[in-house]
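Just so it is clear, none of the values below were taken in a lab; they were calculated from the coordinates. Being a predicted model, the structure only gives us computed values, none of them experimental. As a convention, Cβ positions derive from the backbone with ideal geometry for all residues, glycine included, and neighbour counts pool all protein chains shown.
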Amino acid sequence: MKENKEAGISQNDSKKAERPERKKRTSVKENKKEKTSKLKIIPLGGLEQIGMNITAFEYEDSIIVVDCGLSFPEDDMYGIDLVIPDVTYLKDNIDKVKGFFITHGHEDHIGAIPYVLRDINVPIYATKLTIGIIEHKLKEHNMLTKVKRKVVKYGQHINLGCFRVEFIRTNHSIQDAAALAIYSPAGIVVHTGDFKVDYTPVFGDAIDLQRFGEIGKKGVLALLCDSTNAERKGFTMSEKTVGKTFDEIFADHKNTRIIIATFASNVDRVQQIINTAYKYGRKVVVEGRSMVNIIGIASELGYINIPDNTLIDIEELKNYPDEKTVMITTGSQGESMAALSRMACGMHKKVTIKPNDTIVLSSNPIPGNEKAVSGIINELSMKGANVIFQDVHVSGHACQEEIKLIYSLVKPKYAVPVHGEYRHLLAQARVAEELGINKDNIFILTSGDVLELDDEKAEVTGRVHVGDIMVDGLGVGDVGNIVLRDRQHLAEDGIIIVVLTLESGSGQVLAGPDIVSRGFVYVRGAESLMEDAKHLLEDKMQYCMDKGITDWGKIKNEIKDSLGDFVWKETKRRPMIMPIIMEV
């Protein structure tokens, strides 16, 4: 067929003009056929919450995943360490999944990688520092040799399946942050990741606005833009402004020890603290496991410059006068086990808070952490420390004017706000509408929605299974809602255990019922209550024997019902009641 066509084209007759025309029409038809499929955007987490960011992009037989983050437990998730996304959809379509593209190295974007990649072992693509942090995480989980990783440079394109992905330089509160231009047969999608526009970054270059504009001129199908600060007007301040604040603090507190708590991942912030400490002739101690890890990785990869003889070990702290030392630590969010929290409550083995210490909280409380941060400030203040917590932080996220700038450069047909609670997504939707994007082309999704789109139309066509998987110690997913409900019940009302021994065959009570309680009442102060409860149970067991009830399930239910009603009547509490029957 091919040879005949070529022969036909080479002939010098009227068919020579006709055949190329026919071929051209066929190629247009084929091109249309190629685009009959639609691109699916499926957020598997990260919407209607801060954290656990993970989004799947699907076109025919190819899926790529952007980010793979965790979130931290809510107050009512007793004993839970981390929460990771349920990726059942990816497991069910494992043959389609080609790789993970990571925008930057924050926990809410990389924290779930060691857990998710146990089941979905595909390559990871990210920038140098991000890969460095991921490798440390994989090493801790003994997965370093099992997972393929590729360091990507800005401007580089990665081809996977139906997709081509380009990394674009952005600014954030951690270095090496990237936006992604995702090229698919249906069109180009731009995913900003977490970003801000910082014209004077501490390290590296400013955001590549030129590239955003160039991609915008090609025609962008959809923009997935960071919404965290979408409610705030104006611009986010440059990270360098914090450096000037540090200089003022060091100048005003020359005769005290300075302890600064900040996010471990904010390497630029740490760099500015070290620069200021060096200027004022102070030695620097880095404390807190995550802080030590991140600074070690950043230093090794050349993302932080520490002058010689500036950094000292915490053991050497006693060899220097207080006014010649600075400590950089974790705990700016009031986390109970972080270094600053342990110092505040006197549990830290090597550092004791002294009167007149100057303590700087260089961060804003993440929504939900306000009470914990306030508690830390109060505890430190009661120990005589001078706590500074205002004007020593700038956000790593874009405010409204920066969001407008990105929209104006990219000029997307569809707007899909991401990364934030519902109110943040709504605020960005309003910004997009102000910029002239049709209201019908703005999609506020929830995790699990399937948004199908092409150049002609976009709509939510269905849902996939999503959810939270709780990590408790080494257990992943073995704590669900029922276990959490029991933990909440125990935490609120305590437990009563009823122990009795029955004779095998006859069902006669040989011992008990004995009552043990924990978290319900202090037994020594409630002897009469416990005595009455015991008599009640003895009567109930006599009733069971008289009625010939020997089934253990029925006996346990009788005990639970009668004791539960009695305790509620006497105390207005509903402790968990657990009967234990032994047979001899």
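Worth a mention:
- The range 240-388 - Debye-derived log10 I(q)/I(0), Cα point model, q = 0.11, 0.15, 0.19 Å⁻¹: -0.37, -0.71, -1.21
- Burial order of peptide ranges 573-582, 37-46 (average beta-carbon count within 10 Å, highest first): 37-46, 573-582
- Directionally averaged shadow of the chain, computed from the convex hull of its alpha-carbon atoms, nm²: 39.8
- Helix 422-434 axis versus longest C-alpha principal axis of the chain: approximately 20°, rounded to the nearest ten.
- Charge dipole (Cα centre; +1 on Lys/Arg Cβ, -1 on Asp/Glu Cβ; no other charges) of the chain amounts to roughly 2340 debye.
- Trypsin sites (Lys or Arg not before Pro) within the range 154-246: DSSP coil, no more than 10 neighbouring Cβ in 10 Å: K233
- Ordered from longest to shortest, the equivalent ellipsoid semi-axes for the range 364-451 are 38, 16, 8 Å, each the square root of 5 times a Cα gyration tensor eigenvalue.
- Taking Cα atoms only, the orientation of helix 209-218 departs from the longest principal axis of the chain by about 70 degrees.
- Using distinct alpha-carbon pairs, which all enter the 1/r mean, Kirkwood radius of the range 162-262 in Å: 16.0
- Protection-proxy order for peptides 222-231, 554-563, 146-155, each taking the mean of Cβ atoms within 10 Å per residue, highest first: 222-231, 554-563, 146-155
- Rounded to 5, the percent of DSSP beta bridges in the chain classed as antiparallel: 50
- Subset of K40/K148; K217/K244; K40/K218; K146/K404; K146/K196; K98/K139 violating a 32 Å alpha-carbon distance limit: K217/K244; K146/K404; K146/K196
- Over all Cα atoms in the range 215-258, the spread is summed up by Rg and Dmax: 19.5, 59 Å.
- Listed cross-link partners K240/K279; K254/K349; K38/K96; K324/K354; K91/K128 are compared with a 19 Å cut-off, the Cα-Cα value being larger for K254/K349; K91/K128.
- Taking packing as the residue-averaged number of other Cβ atoms within 10 angstrom, the listed peptides 264-275, 115-126 run from highest to lowest as 264-275, 115-126.
- Degrees, to the nearest 10: 552-571 long Cα axis against longest axis of the chain: 80
- Residues Q156 and D81, FRET efficiency given R0 of 41 Å [Cβ-Cβ distance, rounded to 0.05]: 0.70
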